[in-house]
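To start, the structure under review is shown below, and the notes come after it.
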Amino acid sequence: MSINTGPPSAAGDFAGGLSPGPIGSPILAQSVGVAGGAELAAVAPGAGGGSFGGGRRWEFLHFALRNPKLMLGLGVELIFVAVAIFGPLLAPYSPTYHGTPALHPSAQHIFGTTSPFGTDVFSQVLYGVRDSYVVGALGALFAGAVGLVVGFAAGYRGGLLDEILQLLTNVMICIPQLVLLIVISAYLTTRGVLFEGVFIGVTGWPWVARAVRAQTFTLRERDFVDLARLSGRRAVSIVVKDIAPNMASYIFLVFVLLFASSMLVAVNFDFLGLGPTNGLSLGDIMNQSTLWSALELHMWWWFIPPGAALTLMVLALYIANVGLDEVFNPKLRQT
Amino acid sequence: MRRYFTRKLITYVVAFFVATTVDWAIPRLMPGNPVQLYLTKFSITTEAQYAAIQKLISASFGVNVPVWRQYLDFWDGVLHWNFGLSFYATEPVTHVVFQAVPYTLALLIPAITLSYFLGNRIGAMAARRKWLDNTVLPVGYLFQAAPYAWLALAMAYYLAVRYRWFPVDGGYNPGLIPGWNWTFVASLVQHWFLPFLTVFLVSFGGWAIGMRNLVIYELETDYARYLRSLGASQRLVRKYAYRNAVLPQLSGLALALGVVVGGNIVTEVVFQYPGLGHLIFLAISDEDYFLLQGIFMFIIVGVLLANFVIDIVYVIVDPRTRLSMQGAPA
C-alpha cells in the first residue's frame, strides 16, 4: 500500500493528511487511504482515463444499491435536500410571522414558538436547512477546488514549487479556521450567505491539499504517467486526464467530507452571531435562542430542533461516506 | 532529525509572521473603520470637537503615522506583548487575556489529552470486539456530527437548567471569594465539568473511530500476517498494530488542534465560561478591536507551541526520526 512505500517522514505526512481531525474526521484515516490505494491497484493496469469505462460504473452501481450504509445515509440526506428545496413551500408560517410567543410544541406549532416575537420554530428550521446547505456546498466547492489545485501542483511538479506550497499548506494548518473567520467577520457589518460559504472554503482547504499531494506523488511515478509525459502532453492535461481519474473516488469522498465539515464550521460561526445578515441558517436560530435566553426560560424547542437537524444532515453524510468507501474499495466489500 | 526540526521551525516562524500580518492588516482592509466606530461612542456636537476627538483617537490608536510605521509599531507591540488597551475592560489587553488563559487551558489540555488517549484505547479495543465496535462506532459518529454549539446547549439544558446537576454559567460561584480553599475549588470543578465534557466528547468519537480503522488496517498488513504465521500471540500482533497506528493519529492531532480550539470558543460562549472564547465573544459584541487582535495572537502562539510539542512527541514515538538523527540514512 502506498502508505508504506514512501520515506519515513513522507509516510507520516501522508497518513496525517488523511485524518483532518475531529471534524473533517479521522473516520477516513484508513478508509480514504485504502479506497484510494485499492483503486490505484485496480485501475493501473487499465491505464489512463479509459479505465473509468462502462462496465466498472455498473459494477459500482450494483454494489452501491446493495450497501445498507450508503442507502441509509443517502436516503436521510435526500429527505433533507428535499426540505431545503421545497421547505419554504411547506412551511406553515413565514419565518418572520409574529404570533403567540413561547408556545410549547403542539399540532399548530410542531416545534413551538419563540419569545418574545412568537415566530414558528418549525418554519424557521425549514428555511434554515436551505441556507446551511448552500453554505456547506459553497464551502466544499471552494475548499475542494483550492485543495485540488494546490495538491496537484505540489504533488505533480515537485521541487521548489512543492516546497513553497507545502509551506503554505502547513502555515494554514497552524492558523485555526474558526478563529481566523471570527477575526475577519468581526469587522464586517453586512455578511452574505455567499460570502460565508466562500470564506469557509478559502480557509478550509489545507488538509485536502496535503492528502491530494500525497496521492498525486504516488501516481506520478506510475508507468502510464511517464508514457503520457513522453508523448509530450501538457502537465495540466496529464493531471486532468491521467492522474485525477485514477483518484476519482478519493476526490469524491473528500468532497463529501468537506461538505459536512463546512456545514459544521458554519453552524458554530453563525451561533456566535457572525452568520449571514441576509439569511436565516440553523446556526442563526440557535444564536437567537441564546440572545433571548431560551436556555434559562426552559424553551428547549427553540435550540434543540435546529441543532438536531444539522447533526442529522452531517451524520447522514458520514454514514453515506462509509458506505461509499465500501463501494469504491473492493477490499472492504467482503467484510 | 535536524532537518525535521528545521523544516518545522521554518513553518512556525512563517506562520507567526503571516498571522501577525493578517492580524494587523484585517482592521485596515475591512470597510468598517475602528476610529469612526469609536467616535460614535462620544456625543459630539460641533465640527471642531469632532476634528479634535478624531485626532486624539487616531493618535492613541497609532494610526496617525504612515502605514509602514504602523506595521512596524504593531510588530514592536507583538514582540513586547503589548496590544494596547481594551475598551471593554479599560485595562491593557495583555492583562485581560492573561486572566482568561488559565480557564481555556484548563478546558483544552485535559479535553485534548484525555480524548486522545481514551479514544485511541477504546478505538483499538473496538477493532477486536464486535459488541464494542457496534456501540463505539455509531456513538462516535453521532458526537462527531454534532456541532459544538448544539451539544453544549443540549448539555447545558438537560444537565444544568432542567435537572440542576451542574451550574450553568460562569467559571465559579459568584458568591465565593476566589482562593485556594475547598469550597472554591469544588465550585471551580463543578463549573468546569460540562464545558470540558462537551469538548471531550466531540473529539473522543473522532479518535476512537480513527484508531479502530487504523488498527484494522494494520492487522491486514504483511508484517502482521508474518508475525501471526510465526505463531506470535494475538496480543503481540495487536501491540505492534497499535504502535504503528498511533503515528498517523499523532499527525492527526496536530491537524485537529485548530478545530478543537474553535469548538472550545463556541463551548465557552454557551456556558459563559470566562476563558478566551468568551472573551472573543465579548470583544465582538463590544467592537473591542485591540482585544480581538490580542486574543488572536495569543491563540496563534498557543497553537504553534502545541504543534511544537506534538513534533517532539512524534520524534520520541517514531524511532525512524531518531535514527536519522544518529546519522543512519533516513
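The values are calculated or read from the model by the stated rules, or taken from the named source; none is laboratory data. Keep in mind that what you see is a predicted model, and the values were worked out from it rather than measured. FYI the Cβ positions are ideal-geometry reconstructions off the backbone, even for glycines, and counts take in every protein chain you see.
Note on the range A:72-112: residues that are aromatic (Phe, Trp, Tyr) and either assigned to a helix (DSSP H, G or I) or out of contact with any helix residue (DSSP H, G or I) (no Cβ under 9 Å at 6 or more places or on another chain) (or both) total 2.
Sort out for me the helices (runs of 4 or more DSSP H) sitting completely within the range B:28-131 that have 2 or more residues that are modelled with pLDDT of 80 or more, surrounded by fewer than 18 Cβ atoms within 10 Å (Cβ to Cβ) and on the phi < 0 side of the Ramachandran plot. Let's see the steps before the verdict.
Values: elements: B:34-39, B:47-61, B:67-79, B:93-126.
Once the helices (runs of 4 or more DSSP H) in the range B:28-131 are filtered for at least 2 residues that are modelled with pLDDT of 80 or more, surrounded by fewer than 18 Cβ atoms within 10 Å (Cβ to Cβ) and on the phi < 0 side of the Ramachandran plot, what remains is B:47-61, B:67-79, B:93-126.
Can you find a residue in the range B:96-118 that is away from chain A (no Cβ under 14 Å), in contact (Cβ under 8 Å) with a residue 24 or more places away in the chain, of a type in the set (Val, Ile, Thr) and closer than 19 Å to B:Pro274 by Cα? Among the residues of the range B:96-118, at least one is away from chain A (no Cβ under 14 Å), in contact (Cβ under 8 Å) with a residue 24 or more places away in the chain, of a type in the set (Val, Ile, Thr) and closer than 19 Å to B:Pro274 by Cα, which makes the answer yes.
Conditions (1) of a type in the set (A, V, I, L, M, F, W, C); (2) outside any loop (DSSP other than H, G, I, E, B); (3) within 11 Å of chain A (Cβ to nearest Cβ), marked per residue:
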{"position": "B:Phe143", "(1), (2), (3)": "yes, yes, yes"}
{"position": "B:Tyr157", "(1), (2), (3)": "no, yes, yes"}
{"position": "B:Asp169", "(1), (2), (3)": "no, no, yes"}
{"position": "B:Ile177", "(1), (2), (3)": "yes, no, no"}
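Filtering the range A:210-232 for residues that are within 25 Å of A:Leu74 (Cβ to Cβ), in contact with a Ser or Thr (Cβ under 6 Å, 6 or more places away or on another chain) and within 14 Å of chain B (Cβ to nearest Cβ) leaves an empty set. Within the range A:267-308, the residues that satisfy the criterion of being within 22 Å of A:Val198 (Cα to Cα), more than 9 Å from every other protein chain (Cβ to nearest Cβ) and not in a loop (DSSP other than H, G, I, E, B) are A:Asp284, A:Ile285.
Considering only the range B:38-62, how many residues are within 20 Å of B:Tyr88 (Cα to Cα) and among the hydrophobic types (A, V, I, L, M, F, W, C)? Result for the range B:38-62: 7. Residue under question is A:Ile200, and the condition is that it be aliphatic (A, V, I, L, M) and either more than 27 Å from A:Pro305 (Cβ to Cβ) or modelled with pLDDT under 90 (or both); does it hold? For A:Ile200, the condition - aliphatic (A, V, I, L, M) and either more than 27 Å from A:Pro305 (Cβ to Cβ) or modelled with pLDDT under 90 (or both) - is not met.
Can you go through B:Phe143, B:Phe166 and tell me which one is within 26 Å of A:His298 (Cβ to Cβ), surrounded by 16 or more Cβ atoms within 10 Å (Cβ to Cβ) and more than 22 Å from the chain's Cα centre (by Cα)?
Matching residue, one of B:Phe143, B:Phe166: B:Phe166.
The listed residues are A:Phe86, A:Phe52, A:Phe80, A:Phe60, and the only one of them that is among the aromatic types (Phe, Trp, Tyr), modelled with pLDDT of 65 or more and farther than 30 Å from A:Ser281 by Cα turns out to be A:Phe60.
For B:Phe298, the test of being in contact with a strand residue (DSSP E or B) (Cβ under 7 Å, 6 or more places away or on another chain) and touching a residue at least 60 places away in the same chain (Cβ under 8 Å) is failed. Of all residues in the range B:260-287, those satisfying the criterion of being of a type in the set (Gly, Ala, Ser) and within 14 Å of the chain's Cα centre (by Cα) are B:Gly262, B:Gly263, B:Gly275, B:Gly277. Output the residue which, of all residues in the range A:113-123 that are of a type in the set (S, T, N, Q) and outside any loop (DSSP other than H, G, I, E, B), is farthest from A:Glu296 (Cα to Cα). Per the stated criteria, the residue is A:Ser123. For A:Glu77, the conditions (1) within 14 Å of another protein chain (Cβ to nearest Cβ); (2) over 19 Å from the mean Cα position of the chain (by Cα) all hold with the exception of (2).
Can you tell me which residues in the range A:125-158 are free of Cβ contacts under 8 Å to residues at least 24 places away in the same chain and within 19 Å of the chain's Cα centre (by Cα)? Within the range A:125-158, A:Val149 is the sole residue that qualifies. Report yes if some residue within the range A:255-276 is crowded, with 24+ Cβ neighbours inside 10 Å, over 30 Å from A:Val150 (Cα atoms) and in contact with a Phe, Trp or Tyr (Cβ under 9 Å, 6 or more places away or on another chain); otherwise report no. Checked the range A:255-276: at least one residue is crowded, with 24+ Cβ neighbours inside 10 Å, over 30 Å from A:Val150 (Cα atoms) and in contact with a Phe, Trp or Tyr (Cβ under 9 Å, 6 or more places away or on another chain). Of all residues in the range B:270-283, exactly one satisfies the criterion of being surrounded by 21 or more Cβ atoms within 10 Å (Cβ to Cβ) and either charged (D, E, K, R) or free of Cβ contacts under 8 Å to residues at least 60 places away in the same chain (or both), namely B:Ile280. Kindly evaluate B:Leu176 against the criterion of being under 30 Å from A:Glu326 (Cα atoms) and surrounded by fewer than 23 Cβ atoms within 10 Å (Cβ to Cβ). It is false that B:Leu176 is under 30 Å from A:Glu326 (Cα atoms) and surrounded by fewer than 23 Cβ atoms within 10 Å (Cβ to Cβ). Can you tell me which residue in the range A:169-203 is farthest from the chain's Cα centre (by Cα), limited to those that are more than 7 Å from chain B (Cβ to nearest Cβ) and not in a helix (DSSP H, G or I)? Filtering the range A:169-203 for residues that are more than 7 Å from chain B (Cβ to nearest Cβ) and not in a helix (DSSP H, G or I), the one farthest from the chain's Cα centre (by Cα) comes out as A:Thr190.
Does at least one position in the range B:221-240 carry a residue that is out of contact with any strand residue (DSSP E or B) (no Cβ under 8 Å at 6 or more places or on another chain), surrounded by 24 or more Cβ atoms within 10 Å (Cβ to Cβ) and more than 8 Å from chain A (Cβ to nearest Cβ)?
Looking only at the range B:221-240, we keep the residues that are out of contact with any strand residue (DSSP E or B) (no Cβ under 8 Å at 6 or more places or on another chain), and these are B:221-240.
Remaining after also requiring surrounded by 24 or more Cβ atoms within 10 Å (Cβ to Cβ): none.
No.
The one condition from (1) modelled with pLDDT under 90; (2) at the interface with chain B (Cβ under 9 Å from one of its Cβ atoms); (3) surrounded by 24 or more Cβ atoms within 10 Å (Cβ to Cβ) that A:Asn246 does not meet is (2).
Screening A:Val322 against (1) of a type outside the set (S, T, N, Q); (2) within 13 Å of chain B (Cβ to nearest Cβ); (3) farther than 30 Å from B:Asp133 by Cβ leaves a single unmet condition, (3). Does at least one position in the range A:135-155 carry a residue that is assigned to a loop (DSSP other than H, G, I, E, B) and surrounded by 15 or more Cβ atoms within 10 Å (Cβ to Cβ)? No, the range A:135-155 contains no residue that is assigned to a loop (DSSP other than H, G, I, E, B) and surrounded by 15 or more Cβ atoms within 10 Å (Cβ to Cβ).
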